[in-house]
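Here the structure is laid out as structure tokens; the discussion comes afterwards.
The values are calculated or read from the model by the stated rules, or taken from the named source; none is laboratory data. Note that the structure is predicted; figures quoted are calculated from it, not measured. Every residue, glycine among them, receives a Cβ derived from its backbone with ideal geometry; neighbour counts consider all protein chains shown. Each accessible area value is taken on the protein alone, full model and side chains, heavy atoms only, with ligands, DNA and RNA left out. Shrake-Rupley method; radii C 1.70, N 1.55, O 1.52, S 1.80 Å.
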Amino acid sequence: MTESPPPPESQPPPQIYIHPRREPFEHGLIPLQKLIFTDGSQTLIPLRDKFLQSSVSNNRINSAIISETLGISDEHARLVIDIIASVLHSDSDPVVVAKPDEVDSVGVNVYDLIIFLYIQSYKRLLPRGHKDSAAVADVWPSTSAFDGFLSALTPLQLVRSNSRRSMPSQADEEAHQLSYLQKHLGNIITLLADSVEGEESLVLTMEKFEHLGFLIYFGEKGSEKTPLSQNAPFFANSDPDMPAAPVPASQVHDWILQSISDALDRISERVAAKENGQASPSDHDVLMTDASPTFKASTSAKGPSFIEGISKQAYVKQAPELSGSFVKVVNCHESVIYVLAPLKYATIYGCSDATIVLGAVGKAVRVEHCERVHVISAAKRICIANCRECIFFLGVNQQPLIVGDNHKLQVAPYNTFYTQLEEHMAQVGIEATPNRWGEPVALGLIDPHDSLSHPAGVSDCQAESATCIDPDQFTNFLIPNWLEGQASGSTKDNPFSLPEAYQSSQRRNENNLVEVQQMLREAALEDGRRKELSNALHVYFRDWLYASGNIRQLYCLQGE
């Protein structure tokens, strides 16, 4: 009898690291001073208790209770619920799956609300100067083509607007968020913990522990996320049919602190390896460098896909080509960019003189530090910050949020379609109605989450809002069907209905076109006159292309 060969030595499983959830830090901050508590848990503990006393069932509260307790308007209280729903860690939470008209009756969980309020004290990492500022000097920012706007800025604003901004690296952002959590973890756990009668110590139940999933998770980014408690040694083997015993809050605190310390060490090692030329392609998500005039994209399945540094060209991304449901369009200029895919989150940062088409974004879009950009998107919600002379063609279920230092923004109804649009909308939960594109909400001019300084003596006030585009200036945007390649779908027209004023303008323009075509056909002109007319029409058409920004669409034809 022959002996079987010895089993190969088993490799130890790779260490699973803790990560901050980007969503609440990137899409979940509101510049409302009444929501920012800088005294840790001192004020939030009484607020938490008051919210719990007011909750009807399952520790959930509606906008009326939030409005009364925090002293904010009903509109702002509903905005709080909508934003929490867009960044929650659980896609099965009742407020996430609720229809737009059901959200307030469902309400938000008190503990999710308290964590949301706590992180309003977070300050974003400063944008860095571009490593190759000379290379982008001709594209960002430039003096306005419409007026001498820059001359109206204060000297400090002028300096800020002329900085060659780029987003911080993913490694820097992750380390910054982990360091924030490291510093504030004790307070956050205290807000979730229960006191034990007759004892001074606090304990944490498994149910309350799961609310930390709002801020952190374990595992590879972009992978299937298991419940947070399944990664915790004190809850991992709990019987699902029997509630796990609460554990000391201090034990949870020490364990997470050690996990954060290990993760920060790992980031430092990877950054050092990258600087020594040892980084692997799979590290791109964590080690993304500054934008450059050449395109770089994340090919890793671990994090966002980056469309970065596109200049004077057209670029197309479809669902099979994206590594996940997060997209960031960064430092792109004088280009047309199509992202025809279902997404959860999208960020557009530091772009100018571009048209950017986002397919269907089920959670949130953020557009920041952009100039003369046309954004076309079907989305659940959008936040616009520190932009100027941009136009937003929107199909959105929630009111557009406008924050920071904005100038000459316009909003308009959604104006395009592609064959898979309605399928993508259904996948991410966007409804064709209501479309609240024309109801922008402007919040604070000064963003307390932004560490950039503001001019001395400037007090916070309402940000400049957006105006609705004149119906006579509204045009449909055509996505060439050959951009979709082999993809096919059932969408044959814009799924968002146009308001009557815009429909009338379109019909009028179509009738005018028919009349002009008829007149040209019937005009008895000599060859010389006909040629003069043709040249004049070409000149007017060229001027219109430049004035309207539609010249960008011709880049697609040039690319062919």
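A compact table of results
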quantity: Local electrostatic count, A77, Cβ distance below 11 Å [Lys/Arg +1, Asp/Glu -1]; calculated: -3
quantity: Region 332-367 versus region 191-211: alpha-carbon centroid distance in Å; calculated: 42 Å
quantity: Surface per residue (accessible, 1.4 Å probe) for region 48-133, Å²; calculated: 42 Å²
quantity: Estimated FRET transfer efficiency (S54, E439; beta-carbon r; R0 22 Å; 0.05); calculated: 0.20
quantity: Cα-Cα over 22 Å, subset of K34/K208; K274/K317; K50/K123; K328/K380; calculated: K34/K208; K274/K317; K50/K123
quantity: Region 373-380 - phi-based ³J(HN,Hα) in whole Hz, Karplus 6.51/-1.76/1.60, Gly and Pro as x; calculated: 10, 9, 10, 10, 7, 9, 8, 5
quantity: Net +/- balance of residues flanking A378 in space, Cβ distance below 13 Å, scoring K and R +1, D and E -1; calculated: +1
quantity: Förster-model FRET efficiency, 60 Å R0, Q33 and L478, C-beta, rounded to 0.05; calculated: 0.85
quantity: Portion, in percent, of the accessible area of region 10-116 that falls on carbon or sulfur, probe 1.4 Å; calculated: 49 percent
quantity: Extension gain (nm, one decimal) between S465 and N511, 0.36 nm per residue minus Cα-Cα; calculated: 13.2 nm
